[in-house]
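Asks: Structure in C-alpha cells, see below.
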Amino acid sequence: MRSSTIRTALAAVLATGVAAAAADAAPRKVMPDREYYGVSRMAPLTDKAGDPVNGKVVVRTKGLCLSCHTAPIPEEPDHGDVAPDLAGVGSRLQPPELRMRIADPKVVFPDTIMPSFLKKQGLNRVAAAWEGQTILTPQEIEDVVAYLSTLK
Ligand code: HEC
C-alpha cells in the first residue's frame, strides 16, 4: 500500500474509534462543547477540578480498582495483581490519557478486562439495576484522575 493510502485508511479507523467512543460517553450530550482530544486522550468531563482526596476514596471503594491493581495505598490490605501497578502512573500518563483509560479503557486496550467506568451502551449482560447507568459519575472520574496524577 502506498503511504497516502495507509494514511487515509488510518484516518478512517481513527475517526470511527472517536465516533464510537463519543457515542458512548454521556458528557457529550450534556456538555456538547467538550470534545475528545483523540482516541487515547479525553478532555475534562466537568468544569470542576478533580478532588484527589475523594479520588483516592473512589479508588478504594466504589471503583474497586484495587481488586485488579496494586497501588501505593498501604492502609488497604489486599491489592490485586492482574493489572499494572498504579504507582508512578501520574508520571507515565497525562490527565487526558488517564481519563480515557478510566472512562472507556477498551478504546485503548480492546481486549481488556478493565470495566469502562463511563460507558452505558454496547455492554454485555448488564444487571437490571445498572441498566442505563455509568459505574462512576463524570465528577468521580475527574477526582480519580486528580488522585492518580499525584502518583509520581
Ligand atoms: C477487572 C480488573 C480491573 C479493574 C477493576 C480496574 N482495572 Fe485498570 N486496568 C486493568 C488492566 C488489566 C489494565 C491493563 C490494560 C490491559 O492490558 O488490559 C488496566 C489499565 C489501567 C490503567 C493504565 C495503566 C498504565 O500504566 O498504562 C489505568 C490508569 C487504570 N487501569 C486505572 C484504573 C482505575 C483508576 C480503576 C478503578 C476506577 C481501575 N483501573 C479498575 C484492570 C482493571
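Asks: Just for the stretch 97-133: of the residues that are of a type in the set (G, A, S), within 17 Å of the chain's Cα centre (by Cα) and in a loop (DSSP other than H, G, I, E, B), which one is surrounded by the fewest Cβ atoms within 10 Å (Cβ to Cβ)?
Replies: G122
Asks: If you don't mind, there's one more thing I want to ask. Among the residues of the stretch 66-89, are any modelled with pLDDT of 95 or more, of a type in the set (S, T, N, Q) and closer than 16 Å to V144 by Cα?
Replies: Yes, the stretch 66-89 contains at least one residue that is modelled with pLDDT of 95 or more, of a type in the set (S, T, N, Q) and closer than 16 Å to V144 by Cα.
Asks: Within the stretch 86-140, count every residue that is farther than 17 Å from G63 by Cβ and basic (K, R).
Replies: 2
Asks: Moving to a separate point now. So is V57 modelled with pLDDT of 95 or more, part of a helix (DSSP H, G or I) and within 12 Å of the ligand (Cβ to nearest atom) or not?
Replies: yes
Asks: Please work out which residue is surrounded by the most Cβ atoms within 10 Å (Cβ to Cβ), limiting yourself to the stretch 39-54 and to residues that are in a loop (DSSP other than H, G, I, E, B) and among the hydrophobic types (A, V, I, L, M, F, W, C).
Replies: M42
Asks: Taking the stretch 134-152 as the region of interest, how many residues are in a loop (DSSP other than H, G, I, E, B) and not hydroxyl-bearing (S, T, Y)?
Replies: 4
Asks: Output the residues belonging to the stretch 62-96 that are closer than 16 Å to M42 by Cβ and assigned to a loop (DSSP other than H, G, I, E, B).
Replies: L93, Q94
Asks: Taking S91 and the conditions (1) surrounded by fewer than 20 Cβ atoms within 10 Å (Cβ to Cβ); (2) touching a His at 6+ places or on another chain (Cβ under 8 Å), which numbered condition does it fall short on, given that it satisfies the others?
Replies: Every condition holds for S91 apart from (2).
Asks: Follow-up. Just name the residue that is nearest to G80 (Cα to Cα) out of those in the stretch 98-137 that are more than 9 Å from the ligand (Cβ to nearest atom) and among the acidic types (D, E).
Replies: The qualifying residue nearest to G80 (Cα to Cα) is D104.
Asks: While we're here: Report, by residue number, each residue of the stretch 63-96 that is more than 8 Å from the ligand (Cβ to nearest atom) and under 15 Å from the mean Cα position of the chain (by Cα).
Replies: Answer for the stretch 63-96, where residues must be more than 8 Å from the ligand (Cβ to nearest atom) and under 15 Å from the mean Cα position of the chain (by Cα): G90, Q94, P95, P96.
Asks: To continue, here is another question. Going through S4, S116 one at a time, which residue ends up being under 21 Å from W130 (Cα atoms), modelled with pLDDT under 95 and of a type outside the set (F, W, Y)?
Replies: S116 is the lone residue from the list that is under 21 Å from W130 (Cα atoms), modelled with pLDDT under 95 and of a type outside the set (F, W, Y).
The values are calculated or read from the model by the stated rules, or taken from the named source; none is laboratory data. Since the structure is predicted, the reported quantities are computational estimates derived from the model, not experimental observations. For neighbour counting, all protein chains shown are included, and Cβ atoms are generated from backbone atoms with ideal geometry for every residue, glycine included.
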